[in-house]
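Scroll down for the structure; my scribbles are underneath it.
The values are calculated or read from the model by the stated rules, or taken from the named source; none is laboratory data. As the structure is a prediction and not an experimental result, all values here were calculated from the model. Neighbour counts are summed over all protein chains in view; Cβ atoms, including those assigned to glycine, are modelled from backbone coordinates with ideal geometry.
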Amino acid sequence: MKTILISALFLFFFTGIFAQYPIEKYPAIKYDTVNIKHGEDKRAEGFTGIARYKDYEIKFLGSQLSDSSNILLYHKGRVIKKIKLEVDIANIFLTSPIFIADIDGNGLLDFKIDMPNDGSGNAANYETKIYLFNKGSNRFDAFSFYDLFSNLERDIDHDGSYEIIGQVYHRYRGHAYYVFDLYSYRKGKLSNVSSKFSYPIAVQYLWEPTYIKTNKIPTKVLKKLSAKNPTYLTWYK
């Protein structure tokens with residue numbers, strides 16, 4: 001009995017360290033990162049966060065008097081993109097670093113911001129994910145959505161453009177699952193490309209994720225769970 005218990009504990013510990021989701025077998029994007037310097041802006045009666053990368057600067061503005069915050073993208077001191085988010089200042093202080101890489105394979109640097117949720121329980125696992133895609137000539141497309149965890153983008157078909165991973169929580173017949181969708185940003189559009197790669201897939205969640213693709217949810221049900229757009233997808237002009 002003692003030997004069985006030790007073996008079970010070892011298997012649990014080993015799995016916890018080395019387990020990975022099926023999507024993680026594909027090449028992950030490699031980001032440069034820059035930390036956000038946080039501080040108080042008394043003139044604005046709020047708080048700021050500033051991150052600088054080469055000729056770019058990203059500034060976060062939030063106020064105790066408002067439930068919304070602003071993100072400003074500068075290039076050489078000039079504002080080139082403004083994003084207004086319905087999040088409070090607490091989220092700004094949880095945010096760092098900024099991620100920089102060529103996500104869509106057009107040879108230009110894009111920005112990604114993961115803004116954690118300050119909730120409790122499963123809500124604490126959700127984040128507001130913000131993408132700024134560089135179209136050239138300092139023009140950026142920007143959008144955000146609400147999703148689980150900070151998943152790295154993956155180049156599934158090795159074409160140089162990284163697929164964006166959507167991960168959401170679903171219950172099916174009394175059990176909990178994480179459902180994974182795949183999205184691709186191309187030329188100003190975000191498209192669900194799950195079917196191209198035999199997705200979506202589901203991973204059962206017991207006391208922790210099993211990390212194994214489950215067959216307990218029929219394919220036709222999974223297709224219905226697949227989301228055309230990520231949760232609360234918002235575009236910023």
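Yes/no matrix, rows are residues, columns are (1) hydrophobic (A, V, I, L, M, F, W, C); (2) closer than 30 Å to ILE83 by Cα; (3) touching a residue at least 60 places away in the same chain (Cβ under 8 Å):
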residue	(1), (2), (3)
SER150	no, yes, no
GLY166	no, yes, yes
LEU190	yes, yes, no
VAL203	yes, no, yes
LYS223	no, no, no
TRP235	yes, yes, yes
(request) Name every residue in region 145-166 that is polar (S, T, N, Q) and either surrounded by 20 or more Cβ atoms within 10 Å (Cβ to Cβ) or at pLDDT 95 or above (or both), in order of residue number. (result) SER161
(request) Show the residue pairs that are 6+ apart or on different chains and have beta-carbon atoms under 8 Å apart, the first residue being within region 98-114 and aromatic (Phe, Trp, Tyr), the second being in a loop (DSSP other than H, G, I, E, B) and at pLDDT 95 or above. (result) PHE99/TYR31
(message) Which of the numbered conditions does PHE111 fail, given that it passes all the others? Conditions: (1) surrounded by fewer than 16 Cβ atoms within 10 Å (Cβ to Cβ); (2) closer than 20 Å to ASN35 by Cβ; (3) out of contact with any helix residue (DSSP H, G or I) (no Cβ under 7 Å at 6 or more places or on another chain).
(response) (1)
(request) Could you please find all residues in region 106-124 being modelled with pLDDT of 95 or more and in contact with an Asp or Glu (Cβ under 7 Å, 6 or more places away or on another chain)? (result) LEU108, LEU109, ASP110
(request) Scan region 166-184 and give yes if some residue there is among the basic types (Lys, Arg) and either in contact with a strand residue (DSSP E or B) (Cβ under 6 Å, 6 or more places away or on another chain) or within 15 Å of LYS112 (Cα to Cα) (or both), otherwise no. (result) no
